[in-house]
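Q: Can you keep this structure in mind? I'll have questions shortly.
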């Protein structure tokens, strides 16, 4: 592609709503242009990166036996009623009515459509397994779109779905996709981790996320300092690094005044103990939107710990995350305003985090405004309904899989694989006949790659102050030629020769043939970030030389013109 | 691709809503599956054809200097308010509201977005020309979706847009796209015609359509029996093949009773004259939706001619097509019920088609129920506001560009190119600075190819009773191997060898390796329609032979196994 013959531009101003480096670079390089919040146009360069990544995804999934199809983005409500998700999807799903009043949604995901696609044609076990995938623009009405393509409303996704005879076969498909995903992100050329994840509303009981590691990643991950363990904080088991024992005698309960000491921090200060030695009580409602009663529960945690609502939801086997009670509801349930509440005397279920199991002679709210109790003990003073792992894990917790402790890193979720079981086949009648003619439900899996998000995540993990540093795998162009004297025949002739030579050898090239000074050309080249820059100018040609500058190192080497193409190809081949 | 390892299927039942052959074949071959009216999933085979056609489109537009981008499908109302088209687009545009109540549409077309995309970065004449295009899934809320991909709600389109300094430069871009389109449809390998067209709501004053010719085409085209002239009936000039002269004397007007003779056909019969010798008067309203008064007009045509509402709209320079008056309105305007009305004594404007200009002593309604007048003459008895070409052209009319007459053919519109002028740049402030720093509006063009429609149109013009006959250009696979004895090692080994050899030579191949009898395999191969079928079976291999069967001719030739790959490649190369 020649700069003068297409619509490329760069801008100097950093847009105010671009909060992270990759977003700023995409906008400054003309890769991305905002049309509305979370809705963008992709420029010629970005589209080339996207297409290259799509091709990597396609190849690896086809290698595992997946076949590409394309499903509709506009989907009828009736189908989502079958699976029961029309309501469950909430506001994130964009709904619309056509002029006849029929209801549709913009498919934020395609489990329903693919189950419908397959259920009519899969008749017998001989038709299984099936792995189908698509690369498609999707729309989600994100409440707070931000970070460019990271959390956009409109974005490109690869979604794949597997159908199998039984769980064993379904896990074979799951492993195939796991392997495809590992290859995909390996080929991208940036650091990634596979982490245990929550399956959320998609369903199923096995799910892993693929994360590119980056400082501004939206997700907090916990990874073992030794070994392979990695998990999203949402699901990471929380185990104290050291098992604690308290062998104190049980003392008699005492009430004491704690006026103005509503927070754990001020209470700890006043009592001169660590927050971790105090117990905090939280009050939540386990009621769903259709429940008429409150279903209040109490959760006890160490003073310095945080509740993990996903763990609590699973522990209680709920469809929705429990919501915190309003202050007035707390008062009704405990008799006191928040800050003076505790477990003693409650009639609601009490769930306690494993982290306080060993504690004796605890300090808790007295359920009487401005009073606390000390020397409160399990069983003697109140009953715990259940002890469980309910807290957020954090750095320093024990590695659940082996030796050592966990550390925290931030990641960008670029892939997610789920074993779904029969969640959709059971509600949507996705059946097949076995070799004896008996009907069975198909076992499903679903597998997503955030295509546009991955491309931006690459920039987030590979850039410097001057611009993007593309890996060769998804660079819009392998080479960026800065033709410094476009009107010099010798220079432009050589540029054209290298340009043609690269294409003949299967590499693409951006030729900056603008009438422009070298400074701005180099700045633009650094900003746009192609892996290798070639400077060709009249001055160098007097010495029969051109310059090669790999973007990542910036280390310039001079090369004789006769060797220019050969050395360029050599460098490129060393990268792939 | 191997049949046993993917999700392919064929069905015998013809779906009841598939009215034309191409639609029936797409469904029967598992190419296409309906999800909702006008909304379909594309199977693996169809997607391959679509991708191949997209690539043809891409290559030809890039060759003319176009750069590919991707714009959002969901577009904010504000942008459409700028161009004034939010209301003008009507029900065909699918509207939606997000959870915050902001209004959006699903972009049925992208003039607004592209003008916004370009206006911020094009600063000077040096940045022009710009040609940008995208390949995108679009949605239109068609009132009556039908014919599969021909008139679907969700479909893939390539849309391109050009921006130029002035009209002269814009017409250069227009010609480039004309040339690209001709190459695109030439490469498809089916018969097409370029026809003059109406520019509709898109705007501009130059527009041509590209049609594939097919019996069930939705559009009626008029093409010269000699020469290049071709036009959509919507805009085709209507010129009588022979100029008529009537040298009769003007006779005095006579009123006569015509009870029960309300139609031209019954009146002609009763008077024993041809319908073409009578004059019919139509009554319409030229009022727009915001007009409070009726703006009634009268149109006079030959008795056997049909009004062309697009011509009338243009003649009157209206934004909307005039609507026929209701019977009561006709009565109010003329004094008589329809069937007895005529031009004499009217106070509203009267437009007359050129086809009646020569007439004398005409028979027209008397504006008195159950009466007509004879011997009515122009000027003497009533004044015509304007004579114009207002009728539908038809077979036998004069070729407007030269010798001979026109004939009627049916076409499927697969491409449409428009010179737009400044319609969008003027409302949306799309300006650039010339070399003296003066501001000018950019001149635009827009250019569409119906990608999915084209692929189906190919089938519509290339099939037989057994199935599809793909041209090599967009066939899902170049070759279809029917492996008749998958368990025979020699047969399956040879099939694999040819399969690999084809891929190594850049051709793709579908290998039917199912355990299935030859009959159904051949039937499926004919239905799916790959250009070349190869039969490999144990019986043939005893004679060291395989069979090649080109789909189009069905003429089988036996080839020695050693020559199998070579002969196959030879045949394929002869096709491209």
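The values are calculated or read from the model by the stated rules, or taken from the named source; none is laboratory data. Nothing here was measured: the structure is a model prediction, and the numbers come from that model. Counting neighbours? That spans all protein chains shown, and the Cβs are built from the backbone with ideal geometry, glycine included.
Q: Of all the strands (runs of 3 or more DSSP E) wholly in the stretch A:203-280, which have at least 3 residues that are closer than 27 Å to residue A:179 by Cβ and in contact with a strand residue (DSSP E or B) (Cβ under 8 Å, 6 or more places away or on another chain)?
A: A:206-213, A:219-224, A:230-232
Q: Give the residues of the stretch B:1-56 that are over 17 Å from residue B:475 (Cα atoms), within 21 Å of the chain's Cα centre (by Cα) and in a helix (DSSP H, G or I), sorted by residue number.
A: Listed by number, the residues that qualify are B:21, B:24.
Q: Determine whether the stretch A:180-187 contains at least one residue that is more than 14 Å from every other protein chain (Cβ to nearest Cβ), over 15 Å from the mean Cα position of the chain (by Cα), modelled with pLDDT of 95 or more and surrounded by 19 or more Cβ atoms within 10 Å (Cβ to Cβ).
A: yes
Q: When residue B:59 is evaluated against the numbered criteria (1) more than 10 Å from every other protein chain (Cβ to nearest Cβ); (2) in contact with a helix residue (DSSP H, G or I) (Cβ under 8 Å, 6 or more places away or on another chain); (3) closer than 30 Å to residue A:55 by Cα, which criterion, by number, is the only one it fails?
A: (2)
Q: Further, regarding this structure: Which one is nearest to residue A:262 (Cα to Cα), of the residues in the stretch A:380-393 that are more than 37 Å from the chain's Cα centre (by Cα) and outside any strand (DSSP E or B)? Lay out the reasoning, then the answer.
A: As a first pass, look at the stretch A:380-393 and keep what is more than 37 Å from the chain's Cα centre (by Cα): A:380-383.
Still in the list and also outside any strand (DSSP E or B): A:380-381, A:383.
On the way: A:380: 25, A:381: 22, A:383: 24 Å.
Filtering first and then ranking leaves A:381.
Q: Consider the stretch A:417-444. How many of its residues are surrounded by 21 or more Cβ atoms within 10 Å (Cβ to Cβ) and assigned to a strand (DSSP E or B)?
A: Final tally of qualifying residues: 7.
Q: Among the numbered criteria (1) at pLDDT 95 or above; (2) in contact with a helix residue (DSSP H, G or I) (Cβ under 7 Å, 6 or more places away or on another chain), which one does residue B:485 miss?
A: In the conditions (1) at pLDDT 95 or above; (2) in contact with a helix residue (DSSP H, G or I) (Cβ under 7 Å, 6 or more places away or on another chain), residue B:485 misses (1) alone.
Q: Continuing with this model, one more query. Looking at (1) touching a strand residue (DSSP E or B) at 6+ places or on another chain (Cβ under 9 Å); (2) facing chain A (nearest Cβ under 8 Å), which is the only condition residue B:109 fails?
A: Going through the list (1) touching a strand residue (DSSP E or B) at 6+ places or on another chain (Cβ under 9 Å); (2) facing chain A (nearest Cβ under 8 Å), residue B:109 breaks only (2).
Q: For residues in the stretch B:42-56 being within 7 Å of another protein chain (Cβ to nearest Cβ) and surrounded by fewer than 23 Cβ atoms within 10 Å (Cβ to Cβ), which is farthest from residue B:150 (Cα to Cα)? Reasoning before the result, please.
A: Restricting attention to the stretch B:42-56, the residues satisfying the condition of being within 7 Å of another protein chain (Cβ to nearest Cβ) are B:42-44, B:47.
Still in the list and also surrounded by fewer than 23 Cβ atoms within 10 Å (Cβ to Cβ): B:44, B:47.
Details: B:44: 19, B:47: 16 Å.
Selected residue: B:44.
Q: Another one. Do we have residue B:373 as at pLDDT 95 or above, over 36 Å from the mean Cα position of the chain (by Cα), crowded, with 16+ Cβ neighbours inside 10 Å and farther than 30 Å from residue B:189 by Cβ here?
A: Answer is yes for this residue.
Q: So, restricting to strands (runs of 3 or more DSSP E) that lie completely within the stretch A:294-379, which ones have at least 3 residues that are under 25 Å from residue A:257 (Cβ atoms) and in contact (Cβ under 8 Å) with a residue 40 or more places away in the chain? Even if it seems obvious, please write down each step before you answer.
A: Numbers: elements: A:296-302, A:350-353, A:362-365, A:371-376.
Output list reads A:296-302, A:362-365, A:371-376.
Q: Oh, and also: Would you pick out the residues in the stretch A:89-105 that are more than 21 Å from the chain's Cα centre (by Cα) and either more than 10 Å from chain B (Cβ to nearest Cβ) or surrounded by 16 or more Cβ atoms within 10 Å (Cβ to Cβ) (or both)?
A: Narrowing the stretch A:89-105 to residues more than 21 Å from the chain's Cα centre (by Cα): A:95-105.
A:95, A:96, A:98, A:101, A:103, A:104, A:105, listed by residue number.
Q: Right, something else. Does the stretch B:70-91 hold any residues that are under 15 Å from residue B:138 (Cα atoms) and modelled with pLDDT of 90 or more, and which are they?
A: B:70, B:71, B:72, B:73, B:74, B:75, listed by residue number.
Q: Still on this structure, please answer the following. Checking the condition modelled with pLDDT of 95 or more, in the same structural domain as residue A:177 (by TED's automatic domain parsing) and under 21 Å from residue A:49 (Cα atoms), which residue from A:455, A:414 passes? So that I can check it myself, show each step before the final result.
A: Details: A:414 fails: in the same structural domain as residue A:177 (by TED's automatic domain parsing).
Every option except A:455 fails the conditions.
Q: Here are some residues: A:323, A:302. Which one is in the same structural domain as residue A:262 (by TED's automatic domain parsing) and surrounded by fewer than 16 Cβ atoms within 10 Å (Cβ to Cβ)?
A: Working: A:302 fails: surrounded by fewer than 16 Cβ atoms within 10 Å (Cβ to Cβ).
It is A:323.
Q: Separate question: Scan the stretch B:118-131 and report the pairs whose first residue is at the interface with chain A (Cβ under 10 Å from one of its Cβ atoms) and whose second residue is surrounded by fewer than 21 Cβ atoms within 10 Å (Cβ to Cβ) and part of a loop (DSSP other than H, G, I, E, B), with Cβ atoms within less than 6 Å and a gap of 6+ or a chain change.
A: Filtered contacts from the stretch B:118-131: B:121/A:9; B:128/B:165; B:131/B:65.
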